[in-house]
Amino acid sequence: MSMPNTFNLKAIKFRLSRFRLTNKHTLTLAYLVLLLLPFVVAESLGMLFEGMYNRVLSALNLSAMMAFFVQFPLAGRLRHVPLFANIDWSIAKHKKIGKYLGVFFFLHPLLIVAPKMLLSFDALSTSIISMITSPQLLTGLIAWVVMAVWVLMSVYKDKLNMRYETWRLWHVIGLVAIATLATLHITTVGSHGQYNQEFNVIWWSLYTLSMMIVIYNYFIKPRIIQRQPFTITSIEKVSPCDWQLTIESKSKQRFAFEAGQFAWINTSGSAYNLEQHPFSIASVQNNAAQLSFIIRELGDYTSSLNQLEIGQTVFVDGPYGSMSLDQSRTSQGITLIAGGAGIAPMMSLLRGLARQNDTRPIRLIYGNRSLERMVCLDELEALEKRMANVQLQLVCQQLENAKDTLRPYVRQGLIGKSEIDASFTAGQQQNWAVYLCGPTAMIDATTTHLKQLGLASSQVHFEQLAY
Ligand SMILES: Cc1cc2nc3c(=O)[nH]c(=O)nc-3n(C[C@H](O)[C@H](O)[C@H](O)COP(=O)(O)OP(=O)(O)OC[C@H]3O[C@@H](n4cnc5c(N)ncnc54)[C@H](O)[C@@H]3O)c2cc1C
């Protein structure tokens with residue numbers, strides 16, 4: 001009987017010994033501390049009701065309201081504010097917390113009236129009627145309904161017959177309305193409202209900060225971006241479904257970025273236009289102030305790239321993203337894994353490694369449906385020959401028309417555990433870094449393989465091609 005316990009203890013000890021405090025852990029910790037602040041202030045001012053149930057409910061309500069306000073900077077593309085600068089972490093948190101908040105706000109009135117249910121039906125119905133009829137409570141009720149609709153609109157975003165930009169505009173309008181109504185509600189009712197005016201300063205300050213972030217993103221930032229325009233220097237089709245777009249700063253001012261990062265680009269002609277798309281930068285930092293992108297035709301915008309013209313103005317918001325070569329500075333080897341359009345940041349990382357004449361073992365596993373969809377193959381072959389220790393592994397389902405020179409690099413199928421395992425020097429995977437970019441399903445499958453192969457999350461750096 002003692003075997004499983006010993007085994008579990010060993011497994012826990014092993015997991016603990018492999019645990020490394022990553023940047024994402026630190027961010028999550030700081031985020032949680034931030035959420036608890038209103039509760040700590042309320043507790044220290046002695047503002048909480050007596051009784052275990054009320055205290056726990058207060059802690060949850062205050063933290064949820066704080067989490068709601070923090071949703072604004074999380075989605076605010078604030079690359080100069082330390083807690084929110086890691087946009088991959090920020091957007092992932094924003095989406096995840098948004099769903100939890102939706103559930104919590106839905107339960108909020110029910111949790112308040114729950115104890116009355118235990119008292120009597122009369123107490124319950126009086127409580128519900130006062131909730132619906134009192135003007136202070138009405139603001140909360142409207143916010144509650146709007147919140148429910150808006151959370152559903154976010155969860156089912158891809159199922160709505162709506163352009164991404166239209167959805168984004170309505171998302172912001174709805175959240176501004178919810179923030180206004182919820183702040184009015186929280187500052188006029190309950191233990192944190194009419195009885196404690198000083199505490200309202202906190203909520204109005206958070207409300208003001210949230211609105212400032214919206215104003216910054218939609219009115220001030222476009223003004224700044226408009227002053228640093230780029231121009232298209234080349235646009236060419238590099239596969240039956242991929243384009244390579246190269247742009248150059250009109251002022252020839254250096255655009256500082258790390259290999260592996262991405263930027264939002266806007267080719268509408270107006271920096272204020274909401275049609276902006278995120279694309280990974282495929283090039284490396286250069287003095288010509290040029291950026292190049294590899295773009296796959298996937299929807300309305302990406303299928304109309306043939307309409308872009310040389311000399312056309314492009315506005316760039318960035319750089320963003322936490323992937324960089326710095327993350328693998330001390331690793332003994334590097335595996336780059338790209339699925340489809342995920343080749344763009346991998347090209348940037350590989351070009352960066354080539355520029356610094358890196359002699360470590362570097363493996364690129366590049367998956368696509370067919371060989372003709374693979375891009376930059378000539379350059380990849382040349383890099384394999386020129387660099388000290390680079391190996392290329394192409395993986396695709398259809399092998400028709402494979403050039404003879406490419407045959408040795410190609411394997412039929414999907415990127416699987418065996419290709420990934422074979423990329424590491426035997427038994428050394430715990431000293432390697434893995435970079436990963438591709439569609440969400442591929443990222444999920446590959447991170448599972450990597451976990452099974454014994455890699456810690458601190459060794460794996462990825463970018464998903466969707467928010
Ligand atoms: C960090 C990041 C880096 C990316 N890098 C590349 C790259 O290097 N090469 C490449 O080909 N693709 C890349 N993508 C994907 C690319 O942004 C989308 O394919 C493109 O925006 C789709 O636009 P569409 O109008 O053609 O397609 P649609 O059919 O309108 O959209 C297809 C999908 O893209 C999402 N989407 C659409 N517009 C946006 C937007 N403005 N912001 C965020 N998501 C949006 C939609 O939710 C939808 O799920 C990247 C995405 C992200 C998030």
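I'd like to verify a number: residues in the range 28-53 that are over 16 Å from Lys95 (Cα atoms) and touching a residue at least 12 places away in the same chain (Cβ under 8 Å), how many?
14
Please go through the range 416-438 and pick out each residue that is hydrophobic (A, V, I, L, M, F, W, C) and either touching an Asp or Glu at 6+ places or on another chain (Cβ under 7 Å) or surrounded by fewer than 19 Cβ atoms within 10 Å (Cβ to Cβ) (or both).
Residues satisfying the conditions are Ala422, Ala426, Cys437.
Looking only at the range 287-302, count every residue that is touching a His at 6+ places or on another chain (Cβ under 8 Å) and more than 6 Å from the ligand (Cβ to nearest atom) and tell me the total.
Of the residues in that region, 0 qualify.
Can you name the number of the only condition in (1) within 16 Å of the ligand (Cβ to nearest atom); (2) small (Gly, Ala, Ser); (3) buried (at least 17 other Cβ atoms within 10 Å of the Cβ) that Ala441 fails?
(3)
Has the range 258-266 got any residue that is of a type outside the set (Gly, Ala, Ser), under 19 Å from Ile310 (Cβ atoms), touching a helix residue (DSSP H, G or I) at 6+ places or on another chain (Cβ under 9 Å) and outside the structural domain of Tyr164 (by TED's automatic domain parsing)? Talk me through it step by step, then tell me what you get.
Going residue by residue through the range 258-266, those that are of a type outside the set (Gly, Ala, Ser) are 258, 261-262, 264-266.
Then drop every residue that is not under 19 Å from Ile310 (Cβ atoms), which leaves 265-266.
Still in the list and also touching a helix residue (DSSP H, G or I) at 6+ places or on another chain (Cβ under 9 Å): 266.
Still in the running and outside the structural domain of Tyr164 (by TED's automatic domain parsing): 266.
There is at least one residue in the range 258-266 that is of a type outside the set (Gly, Ala, Ser), under 19 Å from Ile310 (Cβ atoms), touching a helix residue (DSSP H, G or I) at 6+ places or on another chain (Cβ under 9 Å) and outside the structural domain of Tyr164 (by TED's automatic domain parsing).
Among all residue pairs at least 6 apart or on different chains, which show Cβ distances below 7 Å where the first residue, located in the range 338-361, is under 15 Å from Leu291 (Cα atoms) and the second is part of a helix (DSSP H, G or I)?
Hits for this filter: Leu349/Leu325; Gly352/Leu325.
Do any residues in the range 123-143 that are in the same structural domain as Phe106 (by TED's automatic domain parsing) have Cβ atoms under 7 Å from those of residues that are at pLDDT below 75 and basic (Lys, Arg), where the two are at least six apart or on different chains, and which pairs are they?
That search, which allows pairs on different chains as well, returns Ala123/Lys116; Leu124/Lys116; Ser127/Lys116.
Looking for something of a type in the set (S, T, N, Q) and assigned by TED's automatic domain parsing to the domain that holds Cys376 - is there at least one such residue anywhere in the range 333-345?
Yes, the range 333-345 contains a residue that is of a type in the set (S, T, N, Q) and assigned by TED's automatic domain parsing to the domain that holds Cys376.
Just one of (1) within 30 Å of Ser127 (Cα to Cα); (2) buried (at least 19 other Cβ atoms within 10 Å of the Cβ); (3) polar (S, T, N, Q) trips up Thr188, so point out which.
The failed condition is (2).
Inspect the range 37-48 for any residue being among the charged types (D, E, K, R) and modelled with pLDDT under 65 and give the result as yes or no.
Residues of the range 37-48 among the charged types (D, E, K, R): 43.
Then keep just the ones that are modelled with pLDDT under 65; that gives none.
No, the conditions are met nowhere in the range 37-48.
What's the total number of residues in the range 148-164 that are of a type outside the set (A, V, I, L, M), outside any helix (DSSP H, G or I) and within 11 Å of the ligand (Cβ to nearest atom)?
Number satisfying all stated conditions: 1.
What number of residues within the range 165-184 are within 12 Å of the ligand (Cβ to nearest atom) and either charged (D, E, K, R) or free of Cβ contacts under 8 Å to residues at least 40 places away in the same chain (or both)? Steps first, please.
Here is the first cut: in the range 165-184, the residues within 12 Å of the ligand (Cβ to nearest atom) are 165-169, 171.
Imposing the further condition that a residue be either charged (D, E, K, R) or free of Cβ contacts under 8 Å to residues at least 40 places away in the same chain (or both) reduces the set to 165-168, 171.
Residues meeting the conditions: 5.
So, in the range 209-240, how many residues would count as being under 23 Å from Asp378 (Cβ atoms) and in contact with a Ser or Thr (Cβ under 6 Å, 6 or more places away or on another chain)?
Going through the range 209-240 one residue at a time, the tally reaches 2.
Scan the range 308-330 and give yes if some residue there is within 16 Å of the ligand (Cβ to nearest atom), more than 28 Å from Gly76 (Cβ to Cβ) and surrounded by fewer than 20 Cβ atoms within 10 Å (Cβ to Cβ), otherwise no.
Yes, that holds for at least one residue.
For the condition at pLDDT 95 or above, within 16 Å of the ligand (Cβ to nearest atom) and of a type in the set (A, V, I, L, M), what is the one hit in Val214, Val284, Val238?
Residue meeting the stated conditions: Val238.
Among (1) away from the ligand (no atom under 11 Å from the Cβ); (2) more than 22 Å from Leu353 (Cβ to Cβ), there is one condition Leu305 misses while meeting the rest; what is its number?
Exception for Leu305: condition (1).
The values are calculated or read from the model by the stated rules, or taken from the named source; none is laboratory data. Everything numeric here is computed off the predicted structure, so don't read it as measured data. No Cβ is skipped: glycine too gets one built from the backbone with ideal geometry, and neighbour counts run over all protein chains shown.
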